[in-house]
Amino acid sequence: MKISKINEMSSPELEKELGELKTELFKLRFSLATNGLDNPLKIKEVKKDIARINTILRQRELSDK
């Protein structure tokens, strides 16, 4: 996910997306442990997206204070 797309989203949308990404990460890890993944780099990509969203949410939280 691009940072420009993340910046355009509202905070509630970002929190919803964050929940979805965490669920996806759980499923990817579970799949990796049980039968392997076609693309193990997908885990790295999802983790980076989670970090990007958390960063934007934190920046918005700090700017509101």
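The values are calculated or read from the model by the stated rules, or taken from the named source; none is laboratory data. As the structure is a computational prediction, the values presented were derived from the model and not from experiment. Ideal geometry is used to build each Cβ from the backbone, glycine not excepted, and the neighbour counts take in all protein chains shown. Calculation scope for accessible area: heavy atoms of the full protein, side chains included, ligands and nucleic acids excluded. Shrake-Rupley method; radii C 1.70, N 1.55, O 1.52, S 1.80 Å.
Of everything in segment 50-65, what is closer than 15 Å to Met1 by Cβ and either among the aromatic types (Phe, Trp, Tyr) or loosely packed, with under 12 Cβ neighbours inside 10 Å (or both)? Give them in sequence order.
Ala51
Please go through (1) open to solvent by less than 40 Å² (accessible area, probe 1.4 Å); (2) modelled with pLDDT under 95; (3) not hydroxyl-bearing (Ser, Thr, Tyr) for Lys5 and return the number of the only condition it doesn't satisfy.
Result: Lys5 fails condition (1) only.
Since Lys47 meets every condition but one in (1) out of contact with any Leu (no Cβ under 8 Å at 6 or more places or on another chain); (2) open to solvent by 90 Å² or more (accessible area, probe 1.4 Å), which condition does it not meet?
(1)
Residues checked against (1) over 23 Å from Glu61 (Cβ atoms); (2) open to solvent by 100 Å² or more (accessible area, probe 1.4 Å); (3) within 12 Å of the chain's Cα centre (by Cα):
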residue	(1), (2), (3)
Ser10	no, no, no
Gly19	no, no, yes
Lys22	no, yes, yes
Ser31	yes, no, no
Leu41	yes, yes, no
